[in-house]
Amino acid sequence: MTRLTVPRDIFLGRGAIGELESLRGSKATIVTGGNPIRRSGILDRAVAHIGKTGMEIDIIDGVDPQFNMRTVIPGARRMIEFEPQWIIALGGGSVIDAAKVMWLLYEYPEIRFNELISPLELVSLRRKAKLAAIPTTSGQGSEVGALAVLADAKTGVRYHVNDHGLVPDMAILDPDVADTMPKPVAINSGMGALCHAIEAFVSPRGFMLSETYALGAVREMLSHLVASCEGDPYAREQVHYAQCMAGIAASNAGMGLTQAFANKLSGGFAQSRIPHGRLSAALLPYVIRYNMSDPQTLTKYANLARTVGLAGESETSLVHALIERINSLLDRFAIPKTLKALGIAPNDFEEKFVAMSKLINEDVAAATNPRKVSEKEVGKLLINAYEGM
């Protein structure tokens, strides 16, 4: 048996943020990011719409993109004191993830970090509140996902908090909100979503519905991502919806080594702090080349390439065409193709190589990579991605 879990309601379209007026309760907490959200006017719009419901509002802002337990514990305490019936996550993937973990700690204050990053079975979530998510970026798909990414406060290494109960009750995809993204954010988040969709499509946990969402996401991303990053409103709208499709696919089918590498490397090298989507995009061609030696996965990649309109006389040539298409986007967006060029210093890489190889191999996303890996193979891939081999 397979399971597809999505929000009860997904509202799409310009002005969809107005659906906040349909919420019912006496209190609502908004979890959001820093000054850019305020300057854009999005927070004021959300507050105005919620205000029409008559609910009292508390705002938890300034969520750090590299959030950890030091970020979410004070937020959860605010919720425990305020007792909201609705939590509204307004921001990028990190903000939505932070709201999810605050929500968990609001309903289960006794949970500790090690318990959070283990498989959860919190089927009785929603005893106190429901969750609405409004993404302001077009990348992570957290507004429809069953997981949150939480960093270790000491090391910066990212871990998954994973439970179907974490899927928000409501997702609002408003292109007017996505239009406020700066170009670098649109590039990094969009490339990250493309990686999610491709990895979900070849996941061994994939099934017909997840593959359909993944394929649709890849098709729309390849068609519209460049124009979206140049600010075209129609293209940006299509990418905003496509990243949601990628999020549904990834949440239900799982991802692979690209995600596992990015989870650990984006926070594990404090000197570089590479954006997650940017790092994922650079790593994806290496992972595809590694996975394509598995015959079944080669066929899946080839089918994906063929379906999105790429040409090749054989399955191998089709997969190489897919890699070239990804590389062309990396060139277009000036994303370096090696970890060294991305800014990870040689001494930092050497010092943390063994620990990172182990952490990547143990990451939950590595378990759903279509080709099985070992710590030794992860180390080889890590060297290849660092040097460009």
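The values are calculated or read from the model by the stated rules, or taken from the named source; none is laboratory data. Quick caveat: nothing in here was measured; it's all calculated off a predicted structure. Cβ sites come from the backbone with ideal geometry, for glycine too, and all protein chains shown count toward neighbours.
Among the listed residues LYS130, LYS154, which satisfies the condition of being modelled with pLDDT of 95 or more, in the same structural domain as MET79 (by TED's automatic domain parsing) and either closer than 19 Å to ALA367 by Cα or more than 17 Å from the chain's Cα centre (by Cα) (or both)?
Details: LYS154 fails: modelled with pLDDT of 95 or more.
Only one candidate qualifies: LYS130.
Note down all Cβ pairs under 8 Å where the first residue falls in segment 220-248 and is more than 21 Å from LEU322 (Cα to Cα), the second is crowded, with 24+ Cβ neighbours inside 10 Å and of a type in the set (Val, Ile, Thr), and they're at least six residues apart or on different chains.
CYS244/VAL144; ILE248/VAL144
Please give the helices (runs of 4 or more DSSP H) falling wholly within segment 226-328 in which 1 or more residues are at pLDDT below 95 and in contact with a Pro (Cβ under 8 Å, 6 or more places away or on another chain). Even if it seems obvious, please write down each step before you answer.
On the way: elements: 233-253, 257-268, 276-291, 295-307.
Ranges flagged: 257-268.
So is VAL72 aliphatic (A, V, I, L, M) and in contact (Cβ under 8 Å) with a residue 60 or more places away in the chain or not?
When the stated conditions are applied, VAL72 passes them.
I'm trying to understand the selection: among the residues of segment 283-303, which are in contact with a helix residue (DSSP H, G or I) (Cβ under 8 Å, 6 or more places away or on another chain), in contact (Cβ under 8 Å) with a residue 60 or more places away in the chain and of a type outside the set (Ser, Thr, Tyr)?
LEU283, LEU284, VAL287, ILE288, ASN291, LYS300
Counting just the residues of segment 43-66 that are under 23 Å from the mean Cα position of the chain (by Cα) and surrounded by fewer than 22 Cβ atoms within 10 Å (Cβ to Cβ), which one comes out modelled with the highest pLDDT?
It comes out as LEU43.
Could you tell me whether segment 173-194 includes any residue that is over 13 Å from the mean Cα position of the chain (by Cα) and part of a strand (DSSP E or B)?
Yes, some residue in segment 173-194 is over 13 Å from the mean Cα position of the chain (by Cα) and part of a strand (DSSP E or B).
Within segment 158-179, take every residue that is touching a Leu at 6+ places or on another chain (Cβ under 6 Å) and not acidic (Asp, Glu) and give me the one that is nearest to ALA253 (Cα to Cα). Step through it out loud before you land on a result.
Residues of segment 158-179 that are touching a Leu at 6+ places or on another chain (Cβ under 6 Å), as a first pass: 159-163, 165, 168-169, 173.
Those still in the list that are not acidic (Asp, Glu) too: 159-162, 165, 168, 173.
Values: TYR159: 18, HIS160: 15, VAL161: 16, ASN162: 13, GLY165: 16, PRO168: 17, LEU173: 22 Å.
It comes out as ASN162.
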